[in-house]
1. At 0.36 nm per residue, minus the direct Cα-Cα distance, what do Gln17 and Val60 gain on full extension? Give it in nm, one decimal, please.
2. Can you put Thr6, Thr163 in order of accessible area, largest first, using a 1.4 Å probe?
3. Residue by residue through the range 24-40, which ³J(HN,Hα) values in whole Hz follow from phi under the Karplus form 6.51 cos²θ - 1.76 cosθ + 1.60 (θ = phi - 60°), with glycine and proline marked x?
4. Solvent-accessible area per residue for the range 46-111 at a 1.4 Å probe radius, Å²?
5. Expected output is a single nm value to one decimal: the length gained when fully extending between Glu119 and Val142, i.e. 0.36 nm times separation in residues minus the C-alpha distance. What is it?
6. Mind checking which lysines have their C-alpha under 27 Å from Lys66, skipping anything on the same chain fewer than 8 residues away?
7. For helix 54-64, report the angle its Cα long axis makes with the longest principal axis of the Cα atoms of the chain; keep it between 0 and 90° and round to the nearest 10°.
8. Based on the Cβ-Cβ distance from Asp32 to Arg168, what FRET efficiency comes out when R0 is 41 Å, to the nearest 0.05?
Amino acid sequence: MAELATIARPYAEALYQVAKKHDVKAWGVALDALSLVSQDAELRQFADNPKVTAEQVFAVTTAAAKQEALAPELQNFLRAVIENGRLSALPAVVEQFHVLANAAAGVADAQIFSAYPIEAAQLSDVVATLEKRFGRKLEAHVTLEPALIGGIRVVVGDEVLDTSVKARLERMKVALTA
């Protein structure tokens, strides 16, 4: 994976430099759609076919992502990625793009794993508490993980806050067997 990150970094940095001159949030949404489509195995197989042109891959990718009206700069970026055979690196590029955009905005991604769905009002309270705990503005992404039994596990960068029932049971198990 380190190799993929190495490939993705210059693309993400260049893309972010151009996006700063436009609407970074809108570009992020368009890039998310393209990233999702680029992860499809059939599209990658299509792109790897030597009989298929880069323009055909571009057309299929933008149509599948419902992004036919991309900004000219994004079109140029996507064409460069396809022509250089880096479509498989697009998800990593988009991920690094978001990291750069969030760092510039003073925001960090918070991946919240919850055993149960979290209501919008509850989520805003949780995010406010987490922002105090981590000392920065957070953009929360919630993922359901029933194996936690109850509570939440939060990952912000390389920091983890685990208040789940599963983690508590594991700590009790270690304490009892020690």
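1. Working: separation 43, 0.36 × 43 = 15.48 nm, distance 2.66 nm.
Taking Gln17 through Val60 to full extension adds about 12.8 nm, to one decimal.
2. Working: Thr6 85, Thr163 55 Å².
Ranked from most to least accessible, the order is Thr6, Thr163.
3. With the stated coefficients, the range 24-40 comes to 4, 5, 5, 5, x, 5, 5, 5, 4, 5, 5, 4, 4, 5, 5, 7, 6 Hz.
4. Numbers: 3430 Å² over 66 residues.
Heavy-atom SASA per residue in the range 46-111 reads 52 Å².
5. Result for the pair: 7.2 nm of gain on full extension.
6. Of all the lysines, those that pass the test against Lys66 - Cα under 27 Å, at least 8 places apart if same chain - are Lys20, Lys21, Lys25, Lys51.
7. The angle comes out at about 40 degrees.
8. Values: r = 35 Å, r/R0 = 0.84.
Efficiency for this residue pair is about 0.75.
The values are calculated or read from the model by the stated rules, or taken from the named source; none is laboratory data. Because the structure is predicted, anything quoted here is derived from the model rather than measured. So basically every Cβ, Gly included, is an ideal-geometry build from the backbone, and we count neighbours across all protein chains shown. Just the protein is used for accessible areas: all its heavy atoms, side chains included, with ligands, DNA and RNA removed. Shrake-Rupley method; radii C 1.70, N 1.55, O 1.52, S 1.80 Å.
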